[in-house]
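Worksheet for the structure shown next.
Each reported figure results from applying straightforward, stated rules to the coordinates on display, with no laboratory input. What you see is a predicted model; the values in this text were computed from it and never measured. In this analysis, Cβ positions are derived from the backbone assuming ideal geometry, glycine residues included, and neighbour counts consider all displayed protein chains.
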Amino acid sequence: MKKKILIVIANYYEVISKGLIDHAKKSLSKSTKIDIIEVPGVFEIPVIISKNIKKYNGFVALGCVIKGETPHFDFISKTTIDAIMNLSVKYKKPIGNGIITCFNYKQALLRRKKGKEASAAVLSVLKNFK
């Protein structure tokens, strides 16, 4: 039976997002049905996953937060990651975390491969579900 995976991608940084999604798709097998929903920023990812939690076997959360001069980076990063973890545990659904947090744009460019790791993690966890 084909597993259904929803990728939720924050497209705030288009070049970074494209790299994350390209790498995520490479990791997902042909026996997986993939849907993609774009959101403006990482803060919106948990609500989209929550809305679709019963429709999919697993999720991949992708996006990028780059540190600025205010504490906004810390609040957005922690709140988003906590919400994703809470959804995963509450609904017993794997959610691959491909949200990269970086100090600058150059670091973010170098970490675009994290999309592949996040989708591989979801597939790995799904193998343990029966």
State the extension gain, in nm to one decimal, for the chain segment bounded by Asn52 and Ser29, taking 0.36 nm per residue of separation less the distance between their alpha-carbons. 6.2 nm
For Lys51, net neighbour charge (Lys/Arg +1, Asp/Glu -1) across residues whose Cβ lies under 15 Å away: +2
Principal-axis tilt of helix 14-27 within the chain, Cα atoms, nearest 10 degrees: 30 degrees
Using modelled backbone amide H atoms (1.01 Å from N, in-plane), which distant-in-sequence or interchain residues come within less than 5 Å of Lys67's amide H? Cys102, Phe103, Asn104
Within 10 Å, at most 14 other Cβ atoms, and a DSSP state outside H, G, I, E, B define an exposed site. Report the longest part of the chain free of exposed chymotrypsin sites (Phe, Trp or Tyr not before Pro). 1-102
Residues with amide H under 5 Å of Ile7's amide H, sequence separation 5 or more or different chain, H placed in the peptide plane at 1.01 Å from N; which? Asp35, Ile36, Ile37, Val60
Spelling it out for Ile99: with amide H atoms placed in the peptide plane at 1.01 Å from N, the residues 5 or more places away or on another chain with amide H under 5 Å from its amide H are Gly63
Tally Lys and Arg at +1 and Asp and Glu at -1 over the other residues with C-beta under 14 Å from the C-beta of Phe103: what net charge comes out? +1
Return the loop-located trypsin sites (Lys or Arg not before Pro) in segment 26-55 (DSSP other than H, G, I, E, B) with at most 11 other Cβ atoms within 10 Å of their own Cβ; answer none if there are none. Lys30, Lys54, Lys55
Within segment 33-108, report the GluC sites (Glu not before Pro) that DSSP leaves as loop and that have at most 14 other Cβ atoms within 10 Å. Glu69
In order through segment 41-46: 3J(HN,Hα) via Karplus (6.51 cos²θ - 1.76 cosθ + 1.60), integer Hz, x for Gly, Pro: x, 5, 4, 8, 4, x
Could you tally up the Lys pairs in segment 11-54 with alpha carbons closer than 19 Å? Skip any pair fewer than 8 positions apart unless they're on separate chains. 4
Report ³J(HN,Hα) in whole Hz for each residue of segment 76-89, in order, from the Karplus equation J = 6.51 cos²θ - 1.76 cosθ + 1.60 where θ = phi - 60°; Gly and Pro get x. 5, 4, 5, 4, 5, 5, 4, 5, 5, 4, 4, 5, 4, 5
For segment 3-126, the charge dipole (Cβ of Lys, Arg +1; Cβ of Asp, Glu -1; about the Cα centre) points to a positive end, and the Cα of Ile5, Ile95, Ala61 closest to that extreme belongs to Ile5
Can you give me the Cα centroid spacing of segment 71-130 and segment 24-63 in angstrom? 11 Å
In vacuum, with every alpha carbon of the chain counted as one equal point scatterer, what does the Debye formula give for log10 I(q)/I(0) at q = 0.12, 0.14, 0.15 Å⁻¹? Two decimals, please. -0.40, -0.54, -0.62
